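Structure, as structure tokens:
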Amino acid sequence: MNIQLRHITTLLYIIATTSLVAATPDSVLTEHQQAWNLLDAETWKNPALHGQAFKTAYSQLAISLDLTDQTEAFTLQKGTGSTLYDIEADTYLRLSDHSSVWGKASYMTGKNRNIKWNSVSDYELLEPYILADTMGGNTERERYVFEGGYATKVGSMLMGGEMLFRAEHEYRTIDPRMRAIVTDLTLRGGVAYETGTYLLGAAAEANIYKQTDNVTFYRETGVIPEFQMTGLGAIYVRFSGEVNNLYFNGGGAQLYLNVQPRNGHGLFTNITIGEHRYERIAASLNSLPLTKLYREEAKLQAGWRKSGKADLAIYADAQYICRLGDENMVGSSQSNSYPILTTLTMYKNNIIDASMNMVYGQRQHSSWHIAMKVGYMQNHEKYVEPERKQNVSRIYSQLSAQYITGLGKKGTLTCALTGGYHKNLDSQLSIPVVNTETAAVKMQNHNFRYLKADYTVVNAQIRYDHGIGTSRYAMFGALSGGATFCSESEYEQHLAVKFGITF
């Protein structure tokens, strides 16, 4: 795939700088699509507050094509890119001044290319405790998503609930024939209380996760081994080879706390605290538990904001993630039953990500917003015995802009441009080569090469909406593209096309 990013950027520049006799953009579209809404992404995880997100109803039905390609895989387990087709319907409806409902349904199908050292779905969620082989290949994907929520207001009390469900199927039709089936269910319930000047909110979330995963071989000449990975290239040798039938049981809970100004002007805070666990179980060994991954998260967003004809927000984001991995030491088989002798915490991963942010914009005849971010990220990984370490720290910055304006009597044009830079500050990789599979050492070195690299990111988007007659219906088309340039002289290209209707 060869995407000419400069053509997209040039088109965006011409549209944004050409003098146009523009009407006022569609107010409903602006309310639901403006970049200012990204500031409330954490707040709206409380369904009681999501119910008060918009004053107008808005629905959208769209089909899209999304293409991504890397000249070389930045992470072998994620492959070199994908081709994905998607159809999606989402809606937000005001039932009255006090209640609202929202929902989403989508179906995605497509292909991931050149995945290696990964025979499971949801790699970023489950790693390092995955099944893997050296051959890999392309995988086919299908995903179904269903979401729905309801919120209402009684006096000074806001209440809401939400359900999110995902079912995913990923498979390969040639050896090694991996097949993974995922079900992921999340339930949320939230409340909020109105004081004179603030909304005080609290919400709880429960998640249930399951993945069944297996790899089969049809070739007559034999099979290659499937490795039970345990972190930074380490392998659980005893159960690697032909133990190819696994399932992952997991889930957890999160708590959200919110303080938001009622009139959009004042201090705000969002706090998230959560814990999740994911257990890897060998189905072919009488459901023997092999490992368990713990993920603990704490996130804080705090700052000051002012909404109106002129918008301004200055805030800090800070996130801490601690991931710990337990491995079961297993005794000899007794009547096809394996006793667990002891459990050791062998894998440790700590991630810190903090940033300062500013958003400024105006909403008058046209709507425009500019967002700036400067941050620091630190990722420390350790495997206890034999000791392995991987540490990376970096600073990053991002500047983005969005412009929404009317074209003629029925048209609305949305343009967006984003640029970012990620600079490596310090990096370290230490692996005991003698005690590690040679292929695993090469894999770890490859991934570390890109993990410690510097990156420049550029993305652009153009969307045009056109009203149909005097109805609430409108047609739209959107084109977005971008590129990520790596200091290792490799790059990633991305292109997405979307068409649909709104009402």
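The values are calculated or read from the model by the stated rules, or taken from the named source; none is laboratory data. Note that the structure is predicted; figures quoted are calculated from it, not measured. Don't worry about glycine lacking a Cβ; one is built from the backbone with ideal geometry, like all the others, and counts go over all protein chains shown. Quick note on the areas: whole protein, heavy atoms, side chains included, nothing else; ligands and nucleic acids left out. Shrake-Rupley method; radii C 1.70, N 1.55, O 1.52, S 1.80 Å.
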Checklist outcome for this item: When every protein chain stays in place and a 1.4 Å probe is rolled, Arg143, Arg238, Arg388, Arg113 sorted by accessible area with the largest first are Arg238, Arg143, Arg113, Arg388
Checklist entry - Which whole-number percent of Cα pairs in the range 194-270 have a distance greater than 18 Å? => result 66 percent
Checklist outcome for this item: Counting sequence-distant residues (5 or more places) and residues on other chains, those with an amide H built under 5 Å from that of Ala57 are Arg94
Checklist outcome for this item: Normalised per residue, the volume inside the convex hull of the alpha-carbon atoms of the range 323-368 in Å³ amounts to 127 Å³
Next on the checklist: Which of the three applies to the range 206-249, rounded, prolate or oblate, going by the alpha-carbon gyration tensor with a ≥ b ≥ c and a/c under 1.5 meaning rounded?
Outcome noted: oblate
Next on the checklist: Could you tell me how many cubic angstrom of Cα convex hull volume the range 141-203 has per residue?
Outcome noted: 81 Å³
Next on the checklist: Quick check for you: with a 1.4 Å probe and neighbouring chains kept, what is the accessible area per residue of the range 434-503, in Å²?
Outcome noted: 50 Å²
Checklist entry - Expressed in nm to one decimal, what extension gain is obtained for the pair Thr173 and Ile321 from 0.36 nm per residue of sequence separation less their Cα-Cα distance? => result 49.7 nm
Checklist entry - Which of rounded, prolate, oblate describes the range 30-149, given a ≥ b ≥ c as roots of the alpha-carbon gyration tensor eigenvalues and a/c under 1.5 marking rounded, otherwise prolate only if a/b is larger than b/c? => result prolate
Next on the checklist: Going by Cα centres, the range 121-177 and the range 397-427 are how many Å apart?
Outcome noted: 28 Å
Checklist entry - What nm value, rounded to one decimal, do you get for the distance between Ser99 and Glu387 when each label is placed 7 Å out toward the C-beta? => result 6.2 nm
Checklist entry - Roughly how many Å² is the accessible area per residue of the range 117-276, as a whole number, for a 1.4 Å probe? => result 43 Å²
Checklist entry - How far is helix 5-17 tilted off the main Cα axis of the chain, in degrees rounded to 10, range 0 to 90? => result 20 degrees
Checklist outcome for this item: Against the 2.2 N^0.38 Å rule of thumb, the C-alpha Rg of the range 258-365 sits at a ratio of 1.79
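Mind checking the per residue accessible area of the range 291-334 for me, 1.4 Å probe, whole number of Å²?
Here the residues of the range 291-334 average 43 Å² of exposed surface.
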Item to check | Modelled FRET efficiency - R0 51 Å, Met329 with Lys409, Cβ distances, 0.05 increments | outcome: 0.10
Checklist entry - So, with +1 on the Cβ of K and R and -1 on the Cβ of D and E, and no other charges, what is the size of the charge dipole of the chain about its Cα centre, to the nearest 20 debye? => result 1020 debye
Next on the checklist: As an exercise, find the ratio Rg/Rh for the range 210-328 from alpha-carbon atoms, using the Kirkwood inverse-distance average for Rh.
Outcome noted: 1.25
Item to check | Accessible surface ranking that places the most exposed of Ser393, Ser27 first, with a 1.4 angstrom probe | outcome: Ser27, Ser393
Checklist entry - Of the accessible area of the chain, with the probe set at 1.4 angstrom, what percent is carbon plus sulfur? => result 58 percent
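For the chain, what does the equivalent ellipsoid look like in terms of its semi-axes, each the square root of 5 times an eigenvalue of the Cα gyration tensor, given largest first in whole Å?
Details: eigenvalues 353, 144, 107 Å².
Gyration-tensor ellipsoid for the chain: 42, 27, 23 Å.
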Checklist entry - Can you pull the Kirkwood radius for the range 348-412, inverse mean 1/r over Cα pairs, to one decimal in Å? => result 15.4 Å
Checklist entry - Could you work out the helix-only [θ] at 222 nm for the chain, with each DSSP H run of four or more residues adding -39,500 (n - 2.57) and the total divided by the number of residues, to the nearest 500 deg cm²/dmol? => result -2500 deg cm²/dmol
Checklist entry - Taking Cα atoms, how many degrees apart are the long axis of helix 438-451 and the longest axis of the chain, rounded to 10 and kept between 0 and 90? => result 20 degrees
Next on the checklist: Which of the three applies to the range 51-117, rounded, prolate or oblate, going by the alpha-carbon gyration tensor with a ≥ b ≥ c and a/c under 1.5 meaning rounded?
Outcome noted: prolate
Checklist outcome for this item: Mean shadow area (nm²) of the C-alpha convex hull around the range 398-495 is 9.6 nm²
Checklist entry - Could you give the length gained on full extension between Ile273 and Ala439, defined as 0.36 nm per residue of separation minus the Cα-Cα distance, in nm? => result 55.9 nm
Checklist outcome for this item: The simple spin-label model distance between Ser156 and Leu61, using points 7 Å out along Cα→Cβ, in nm, is 4.4 nm
